[in-house]
2 protein chains.
Amino acid sequence: MTDKTLDVVAIGNAIVDVLAHADEAFLTDHGMVKGSMQLVDEDTAHQIYVDMGPAIEASGGSAGNTAAGLASLGARVGFIGRVRNDQLGEVYGHDIRSVGVDFRAPTAASGPATARCLILLTSDAERTLNTFLGAASLLSPDDVDEAFVASAEIVYCEGYLWDLPDAKAALIKGMDAALAAGGKVAFTLSDSFCVDRHRAEFLQLAENRIDILFANESEICSLYEVDTFDEAADRVAGHCEIACLTRSEKGSVIITSAGERVVVPAHPIGSLVDTTGAGDLYAAGFLFGLTHGASLERCARLGSLAAGEVISHVGARPEVDLAALVAAELPA
Amino acid sequence: MTDKTLDVVAIGNAIVDVLAHADEAFLTDHGMVKGSMQLVDEDTAHQIYVDMGPAIEASGGSAGNTAAGLASLGARVGFIGRVRNDQLGEVYGHDIRSVGVDFRAPTAASGPATARCLILLTSDAERTLNTFLGAASLLSPDDVDEAFVASAEIVYCEGYLWDLPDAKAALIKGMDAALAAGGKVAFTLSDSFCVDRHRAEFLQLAENRIDILFANESEICSLYEVDTFDEAADRVAGHCEIACLTRSEKGSVIITSAGERVVVPAHPIGSLVDTTGAGDLYAAGFLFGLTHGASLERCARLGSLAAGEVISHVGARPEVDLAALVAAELPA
């Protein structure tokens, strides 16, 4: 795959995160399930915002976080996602371009505002997501330039997009373009409730179209409707070329269709502050390794290192240069 | 002053901070003076933004930070400042209201955008400010409700406003309203370059109108055009009822017209991350103490505690409930 000019093209919801601390009662009072993502309409988003405490704004979105992490590691990355031409859209575009990501997709001149995710951080560092998709919900196959996707070794797809028919069609177009050009398809299950909504189709994807699957423990258990991680791990073994299963403080397990199983511990961190972006940055580290000839074990260690950095501060994007962090903590 | 319904009304620029890490070369290449604030026009702000790295957005503005800090400490606070009806204006209004500040001033439906301050954080935790005033520059005497100001024990004024004739007139109206109602005037010199621009008038203010003056070492030295802190301290002694002089890691010195001199060390912090808001939060702690019957020494210790919290993380507003922090670290 040496003719590829990009390592990864990611496709996802372009979202600005609005992060605030909250107590457990706030989640209960607002009917939120801790640790999950729920889609909300503009009125609900407004009401949650009025009720929540002071916040900071930071670019987010699952696949966008992964793209930013990859760029920080030194990868060549593209990102496809939709924003509006409003202030938050400008923020989103600035943040992802400023780390070197080739950000593609027309900026809408009308219609709904740039997507926001209202994130409540509880004292256990868990994050609970309330997403108003806005402009991101208008992502369509027309936004996916097949030549752009074909120029990458891997197309990275966000499961969250499956909630919207047009965005789902955009993802399928992206996957097809990658596979037709000899590239690979990476996919994240995103959220256990998202898996619940689309289990049958996600199972088909895992069996037929996904080369590299990312899932945390609750997502992979939800996919196979099993109670234990070991059962889920056994089930996924036969499906994807590589399954990357993340287990929070227990580290991660890589399972391949060739029968390998690699277990890697979590990277030690100073203090756990905010888990937002942990899975996204794990994927960034792993895919950086994979596109740069690393062993599966090193790929997983790179994932753990990148995830460890992002959970040590508020916000879902790296605060430090990840390439420098790798040089310091995981020299090749 | 028991008939007062508010402790403090603050008047200042309503600004959303845009914070990014940068190296020293970035400052040099862009002609910035490290640690200072420069006003920039919209084009310059745009160019700096294009050049700077990924950022986070967080409500800021000197007096606004002080108001938010006071509210977090449990004070009854109002704030007068101007935003536009854009997304950043909504962010600003949300953040300051959500901590309980009574935010007053019409939201402009047209004209320049809500003010932004592009903040470059260098590895020494110093911050360099580039402010596009936008909607904040339209603050005028009409925005100052005299009855609102008169309802507070103290009106807190930001020296930065002196750069704009209408905003300066608004400050003067606020000071007059406070004094006429038996209140006191607190004032921050804001920035040594700001002092340079307005030295003669700031000296007159210090002598005739300011009861409580806040300044850091370089600002107070600039005001009196002297080389050493001790000379400046001697000069200010005869002017204001109370002068609060902050000296970064050396703590602060309180000097009164009655001849008192109180020296208080800096509050120990975990790690120094970002000095943005240090002076603003010192003022918040001090004024909280002053309006709640504390001794000058305790006022200064409250200032140091609040400043210590805000410099231990990125952003100029408290991340924790300051009242709880006081209860834990500085019980009365």
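Read the figures in this text as sums done on the coordinates, not as results from a lab. A quick note: this is a predicted structure, and the numbers were derived from the prediction, not measured. Cβ sites come from the backbone with ideal geometry, for glycine too, and all protein chains shown count toward neighbours.
Averaged over the residues of B:86-97, the number of partner chain Cβ atoms lying within 10 Å of the residue Cβ comes to 4.
For region B:196-244, pairs of C-alpha atoms spaced more than 14 angstrom apart make up 43 percent of the total.
Taking the empirical scaling 2.2 N^0.38 Å for compact globular proteins as reference, the protein assembly as shown has a Cα radius of gyration ratio of 1.02. Annotation for residue A:227, label-to-label distances across the other copies: 8.0 nm (shortest first, one decimal, point 7 Å from Cα along Cα→Cβ). Estimated from helical segments only, the mean residue ellipticity of chain A at 222 nm is -11500 deg cm²/dmol, where each DSSP H run of four or more residues counts as -39500 (n - 2.57).
Within straight-line reach of residue A:173, meaning a Cα separation under 13 Å, sit the following aspartates and glutamates at least 8 residues removed in sequence or on another chain: A:142, A:143, A:145, A:146.
Summarising the label geometry, the points placed 7 Å from Cα in the beta-carbon direction at residue A:147 and residue A:34 lie 5.1 nm from one another. If R0 is taken as 51 Å, the Cβ-Cβ distance between residue A:321 and residue A:140 corresponds to a FRET efficiency of 0.90.
Spread over its residues, the convex hull of the C-alpha atoms of region B:207-331 is 103 Å³ per residue. For the cross-link pairs B:34/B:250; B:4/B:250; B:4/B:34; B:34/B:168, the ones whose C-alpha atoms lie over 31 Å apart are B:4/B:250; B:4/B:34.
Taking the Cα centre of region B:278-325 as origin and assigning +1 to Lys and Arg Cβ atoms and -1 to Asp and Glu Cβ atoms, the resulting dipole is close to 120 debye. Look at the stretch A:47-56: the mean tally of other chain Cβ atoms within 10 Å of its residues' Cβ atoms is 5. Across identical copies of the chain, residue B:109 has label-point separations of 2.5 nm, listed in ascending order, with the point defined 7 angstrom from Cα along Cα→Cβ.
About its Cα centre, the protein assembly as shown has a charge dipole of approximately 80 debye under the convention of +1 per Lys or Arg Cβ and -1 per Asp or Glu Cβ, with nothing else charged. As an equivalent ellipsoid, region B:109-199 spans semi-axes of 26, 17, 12 angstrom, where each value is the square root of five times an eigenvalue of the C-alpha gyration tensor, largest first.
With Cα atoms defining each centre, region A:1-62 and region B:168-216 are spaced 42 Å apart in the structure. Percent of Cα pairs in chain B per distance bin of 20 Å, from zero to the largest separation: 35, 61, 4. Any idea what % of Cα-Cα pairs in region B:154-277 are farther than 22 Å? Considering region B:154-277, 35 percent of its Cα-Cα pairs are separated by more than 22 Å. The charge dipole of chain B, taken about the Cα centre with unit charges on the Cβ atoms of Lys, Arg (+1) and Asp, Glu (-1), comes to about 720 debye, rounded to the nearest 20.
Counted by neighbouring Cβ atoms within 10 Å, the residues A:173, B:250 run from fewest to most as B:250, A:173. A point 7 Å from Cα along Cα→Cβ stands in for residue A:200, and the other copies hold the same point at 8.3 nm, listed in rising order. Once the C-beta distance of residue A:234 and residue A:204 is scaled by a Förster radius of 22 Å, the resulting FRET efficiency is 0.70 to the nearest 0.05.
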